[in-house]
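What follows is one structure encoded as structure tokens, with my remarks underneath.
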Amino acid sequence: MFASSPAVHPVEAPPPTDPVEQPRGVRMKDLPGMPGTLGGLGLRLAQFVFAGIALSVMASTDDFPSVTSFCFLVAAAILQCMWCFSLAILDIYALLVKRCLRNRWAVCLFSVGDGITAALTFSAACASSGITVLIDNDLDICSENHCASFESATAMAFLSWFALSPSFLLNFWSMASG
């Protein structure tokens, strides 16, 4: 009844030829668009620029506080600007000192933050576009309002969300595969 179990002898991997090129424990690929890369910095700057334009265009009108969805768009654009600006500074730091930002906790934080800001920005842009269509097409009172500014701010919010989506997807994929 007692069967002997085979002995398992682990085989050690040969040491890397250059320990600087192959750091121990790093298994994730360095894809463009991930944190700490030039592509990631470009995406963050695009997010910041589009959200900043949406914020400034919406804030330049005097009647945006009267509509809740426009206030939501301004709040989402402020959050997006702060998030993208702080991560762009972190990307610049990582590029200057050649530091890897792809450890488990950092990628998890980036993924959760990108997901929250993406959901807020997309929902605010959708709500603002719905109100803009209501004002322009259904109520036909666009001459009394700043419809062109509302439409421009909403389009910039959608572009900001569109630039945020690859960052979120890359960080989420990296978190799931790491």
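Structure summary
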item: Residues that are of a type in the set (Phe, Trp, Tyr) and more than 13 Å from Phe168 (Cα to Cα), drawn from the stretch 102-121; result: Trp105
item: Single match in Asp62, Asp91 (criterion: of a type in the set (D, E, K, R) and either at pLDDT 90 or above or surrounded by 13 or more Cβ atoms within 10 Å (Cβ to Cβ) (or both)); result: Asp91
item: Condition check for Ser177: touching a residue at least 24 places away in the same chain (Cβ under 8 Å), surrounded by fewer than 18 Cβ atoms within 10 Å (Cβ to Cβ) and farther than 25 Å from Val49 by Cα; result: yes
item: Positions within the stretch 94-114 being over 11 Å from the mean Cα position of the chain (by Cα) and open to solvent by less than 10 Å² (accessible area, probe 1.4 Å), in sequence order; result: Ala94, Val107
item: Qualifying residue in the stretch 80-87 (condition: at pLDDT below 90 and either more than 17 Å from Ser56 (Cα to Cα) or not in a helix (DSSP H, G or I) (or both)); result: no
item: Residue in the stretch 152-172 that is modelled with the lowest pLDDT, counting only those that are touching a Ser or Thr at 6+ places or on another chain (Cβ under 9 Å) and open to solvent by 50 Å² or more (accessible area, probe 1.4 Å); result: Phe172
item: Selected residue (criterion: nearest to Ala157 (Cα to Cα)) from residues of the stretch 65-88 that are open to solvent by less than 80 Å² (accessible area, probe 1.4 Å) and among the polar types (S, T, N, Q); result: Gln80
item: Any pair with Cβ under 8 angstrom, 6 or more apart, that starts in the stretch 113-139 at a residue that is free of Cβ contacts under 8 Å to residues at least 40 places away in the same chain and ends at one that is assigned to a helix (DSSP H, G or I) and among the β-branched types (Val, Ile, Thr); result: Ser129/Thr154; Thr132/Thr154
item: Qualifying residues in the stretch 107-147 (those that are hydroxyl-bearing (Ser, Thr, Tyr) and either assigned to a helix (DSSP H, G or I) or at pLDDT 95 or above (or both)) - the one farthest from Ser86 (Cα to Cα); result: Thr132
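The values are calculated or read from the model by the stated rules, or taken from the named source; none is laboratory data. Since the model is a prediction, treat every value here as computed from it, not as a measurement. Every residue, glycine as well, gets a Cβ built from its backbone with ideal geometry; the counts of neighbours run over all protein chains shown. For the accessible areas, the whole protein counts, side chains as well, though only heavy atoms, and no ligand, DNA or RNA atoms are used. Shrake-Rupley method; radii C 1.70, N 1.55, O 1.52, S 1.80 Å.
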